[in-house]
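Report on one structure; see the data block that follows.
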């Protein structure tokens, strides 16, 4: 899937409180450069951060999980690499939905909070980036800050490292009936928000 120059897209980064209107200025394979309509200074981004890019193509809404490659504040642009994408019409609970969520991870009863960035999440697992190293099979407690705080328990089942962060694959462990319902509602809300935002952006 290659985006065309001039395409209307939405951008989300966990430092912002909303979706940002943007235009594709360059596109080559899975690398895309976008120009934000609003001031880029509203986002506090770092190279390697997870970015969510939404766009409409042939009446389908696609949500892409991206990695930030660069930022040019003078041009108000972001350069991202598209790692994967999902259609909002996909109703399966176990599909990893692209997100960019600020989170804090703790081990057991420890009071030490480690910054983490959730890159994608499904009903039973999530991918998380962090500067902090956790061992394989470590059980972690997460606070996901999404306007409200969603508390999750998860275990590390995969671990890799790139230039900027450790990347973890985690399996979510539910300990009550409320949390899975809350997470399901949140994911449905994200899909609806993207669909309505891109529709209005296109109309305007």
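Derivation of every value follows stated rules applied to the coordinates shown; laboratory data play no part. No experiment lies behind these values; they were computed from the predicted model shown. For neighbour counting, all protein chains shown are included, and Cβ atoms are generated from backbone atoms with ideal geometry for every residue, glycine included.
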Expressed as a whole number of Å, what is the distance separating the alpha-carbon centroids of region 7-54 and region 154-180? 25 Å
Can you put 12, 158 in order, fewest other beta carbons within 10 Å first? 158, 12
Using packing as a proxy for protection, rank 108-115, 145-152, 75-82, 191-198 so that the peptide with the highest average count of other Cβ atoms within 10 Å comes first. 75-82, 191-198, 145-152, 108-115
Kindly express, to the nearest 10 degrees and within the range 0 to 90, the angle between helix 178-203's C-alpha long axis and the longest C-alpha principal axis of the chain. 10 degrees
Got a sec? Which residues in region 17-47 would a label at residue 4 touch, if it sits 7 Å along Cα→Cβ and we count backbone N under 17 Å? 23-29, 33
Inter-probe distance in nm under a simple model that places probes 7 Å from Cα toward Cβ, at residue 69 and residue 81: 0.8 nm
Given that just one value was derived from the coordinates, which of (i) 1.04; (ii) 1.40; (iii) 0.96 is Rg/Rh (Cα atoms, Kirkwood Rh)? (iii)
If you stretched the chain out fully between residue 173 and residue 157, how much longer would it get, using 0.36 nm times the residue separation minus the C-alpha to C-alpha distance? 4.5 nm
Simple spin-label estimate for residue 102/residue 23, 7 Å along Cα→Cβ, in nm, reads 3.0 nm
